[in-house]
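Every read-out reported here was derived from the displayed coordinates using simple, explicitly stated rules and does not represent laboratory data. Keep in mind that this is a model prediction, so the values were computed, not measured. Don't worry about glycine lacking a Cβ; one is built from the backbone with ideal geometry, like all the others, and counts go over all protein chains shown.
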Amino acid sequence: MPTLGSLEWGTEPRAPVRREHRCRPIQRSVAALVLQRLDCADPRCRLMPDPGGQALENQTILVGVDASPSGEKAANFALQLAATARARLLLVFVVPPYMPEAEFPPPNVLEIMETEREAAELTLKELGAKLEGKGVKIATQVLLGNPASELSRISGNPEVAMVTIGKTGKGAIARLLLGSVALSLARSCPKPLVIVP
């Protein structure tokens, strides 16, 4: 499996924070540590990883993004996690394959897919610009295929520590209680999955 090192990461420098804190984590898993730090009342606790725990400096938080508000919420949540755990952020937009219906004349599928890919790149560029400036390295990637299976495949990479996605996508069917991509990933994702409401 290819490594994520071939992606272009932002080069914003981050100064190390060395402060004492009073919070003592109960659990040592990375996800539990990060979530506990986000809930801690002491603001200094959010700035420093536990000295005895694992920092995610060489790890990546994968974020499944689409053009929905739920996808942007997931990206913002993942940015908080990445800043707390000193991890990188990978924003991935998976463009699903176009399934033409009985249309006359038949559409140019390649042209439609290229338009969708360009729209996905623009969405990631805009979202990346919103998230910059927080001291987190951010990379973006556009893929073509089934969103749940592609996100699950990428999350199998050893550099990925966890996956974050929105609860529902932008489709009408996805506005049910839990989106189809989120539900599929909950069943197949090999890494910890955070579904942001």
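Before moving on, here are some points about what is shown:
- Computed from the C-beta positions of Gln80 and Asn108 and an R0 of 45 Å, the FRET efficiency is 0.60 to the nearest 0.05.
- Which of Met113, Met99, Met162 has the fewest Cβ neighbours within 10 Å, and the rest in rising order: Met99, Met113, Met162
- Our estimate of slack between Tyr98 and Ala186, defined as 0.36 nm per intervening residue step minus the Cα-Cα distance, is 29.3 nm.
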